[in-house]
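A quick write-up on the structure given underneath.
Computed from the coordinates by the stated procedures, all read-outs in this text should not be read as laboratory data. Predicted, not measured: the structure shown is a model, and the values here were computed from it. Note that we place each Cβ from the backbone using ideal geometry, even for glycine, and neighbour counts take in every protein chain shown.
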Amino acid sequence: MADPSRVKMLCALMDGRAWTATELSAAADVAPSTASGHLARLVEGQLITCLDWSERRFHLGGEAGAALLIHLESKGWIQRVAGYREVVVTASGKSAVQRLFSG
């Protein structure tokens, strides 16, 4: 625990939620690449365990997933979250899903 950035990251993790490396880098006021290095040391020291982002969120992969996401985005039903690999469903997307899949 010689580095204050690692201490900041551990303190942030004490809230119990799953943080991304990018979020932890912001909490520790370091670059994402620096945070990744610190996380590797914390994992190596068995102070934390890490999950792949896909283990915390549902996701679509491969060509079928990419085609579906492109189509939904072109309809305005989803929007990408800047700086992340996730998307959010828009109000029109929620309406469309309700219309298409309800009773």
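Sum -39500 (n - 2.57) across every DSSP H segment of at least 4 residues in the chain, then divide by the residue count to get the 222 nm mean residue ellipticity, nearest 500.
-16000 deg cm²/dmol
How much FRET efficiency would the formula 1/(1 + (r/R0)^6) give for Ala82 and Ala31, where r is the Cβ-Cβ distance and R0 is 22 Å, rounded to 0.05?
So the FRET efficiency works out to roughly 0.75.
Whose amide H sits under 5 Å from the amide H of Ile78, counting only residues 5 or more places off or on another chain, with H placed in the peptide plane?
Correct list: Glu73, Thr90.
Picking from Val97, Gly37, Pro4, whose Cα lies most toward the positive end of the charge dipole for the chain (charges on Cβ: Lys, Arg +1; Asp, Glu -1)?
It is Val97.
Which Cα, out of Ala27, Met14, Gly62, lies furthest along the positive dipole direction of the chain (beta carbon charges, K/R +1, D/E -1)?
Gly62
Taking R0 as 25 Å, what FRET efficiency do you get between Ala67 and Thr90 from their Cβ-Cβ distance, rounded to the nearest 0.05?
0.85
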